[in-house]
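Here is the structure we will look at, set down as structure tokens.
The values are calculated or read from the model by the stated rules, or taken from the named source; none is laboratory data. Everything numeric here is computed off the predicted structure, so don't read it as measured data. Don't worry about glycine lacking a Cβ; one is built from the backbone with ideal geometry, like all the others, and counts go over all protein chains shown. Note: accessible area is taken over every heavy atom of the protein model, side chains too, but ligands, DNA and RNA are not part of it. Shrake-Rupley method; radii C 1.70, N 1.55, O 1.52, S 1.80 Å.
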Amino acid sequence: ATYQKLLPLYFPRSLKEESRSLPYLPADIGNAEGEPVVPERQIRISEKPGAPEDNQEEEDEGLGVDLSFIGSHAFARMEGDIDKQRKLILQGQLSEAALQKQHQRNYNRWLCQARSEDLSDIASLKALYQTGVDNCGRTVMVVVGRNIPVTLIDMDKALLYFIHVMDHIAVKEYVLVYFHTLTSEYNHLDSDFLKKLYDVVDVKYKRNLKAVYFVHPTFRSKVSTWFFTTFSVSGLKDKIHHVDSLHQLFSAISPEQIDFPPFVLEYDARENGPYYTSYPPSPDL
């Protein structure tokens, strides 16, 4: 039925049929062949592209014509192999897409393992937990450096636990508070592990992480952080904030929104005055 209605519009068999089809045709049906006519797309090619068009007397001079204009016409300019350039661009885009898919598959494997493995021994350390929100309403995650016995635990399981806890947190904006307070060399995460963690996690972790508050840093930790964020994960450099006292931290996060380990409050009270001991720590810490 559709063909019976449309064919007479394109192939009228008589003048009468053509006249009946006119109300159903657009105002502009193109040229005699039915092709659309776009004046802006019409290109005028001169008869002799190598010669200036305003010098008609030279057209009959044969080889005596001035050939200095050859190459100045737009059609004579070298543009390179456009198809090859497009192919390279397309291949580059496909490679980037393939890399993203491969990274996503790798992260999903880590996530599946994190959900199936027993990580209770890592959870019992209380080194990573969710607390309140910052002044902008973003979720606050706390990392307690002193509670990470690097030399005594399986760091791959620590990475699995991080993914297990953070996967649903990282879907929206969040901040990290890292307490470096009273850590020793047995608590310091090496740069290789941190780089591995940064490479494994999904892109949402990096996109939604808005700040990292490095509380009670030492000179050595500041230098190490600078080297790590400069040469390994430059995307974190502008998000790191070194906080020497809890008073500075409270300008971004209300004290009621953070569960403090007792030794952090005691250390800060000793170093910066007893004012902050008025904020009691969470009883389960």
Exercise for the section: Would you mind finding the one in Asp121, Asp202, Asp192 that is under 21 Å from the mean Cα position of the chain (by Cα) and either open to solvent by less than 50 Å² (accessible area, probe 1.4 Å) or free of Cβ contacts under 8 Å to residues at least 40 places away in the same chain (or both)? Expected result: Asp202
Practice task
Give the residues of region 205-236 that are over 24 Å from Gln248 (Cα atoms), outside any helix (DSSP H, G or I) and open to solvent by less than 30 Å² (accessible area, probe 1.4 Å), sorted by residue number.
Solution key: Val233
Completion exercise
Sole miss for Ser251 among (1) surrounded by 15 or more Cβ atoms within 10 Å (Cβ to Cβ); (2) not in a helix (DSSP H, G or I) is condition (1)
Handout entry: Any pair with Cβ under 6 angstrom, 6 or more apart, that starts in region 6-27 at a residue that is assigned to a loop (DSSP other than H, G, I, E, B) and ends at one that is surrounded by 10 or more Cβ atoms within 10 Å (Cβ to Cβ)
Key = Pro12/Glu18; Pro12/Ser21
Practice task
Taking only region 137-151 into account, find how many residues are open to solvent by 40 Å² or more (accessible area, probe 1.4 Å), of a type outside the set (Ser, Thr, Tyr) and touching a residue at least 12 places away in the same chain (Cβ under 8 Å).
Solution key: 3
Handout entry: Residue list for region 127-176, restricted to those being farther than 18 Å from Lys204 by Cβ and part of a strand (DSSP E or B)
Key = Tyr129, Thr131, Gly132, Val133, Val142, Val143, Val144
Fill in the blank from the handout: Considering residues that are in contact with a strand residue (DSSP E or B) (Cβ under 9 Å, 6 or more places away or on another chain) and free of Cβ contacts under 8 Å to residues at least 60 places away in the same chain, the number found within region 124-135 is 4
Completion exercise
A careful count of residues in region 194-241 that are in contact with a Ser or Thr (Cβ under 7 Å, 6 or more places away or on another chain) and not hydroxyl-bearing (Ser, Thr, Tyr) gives 8
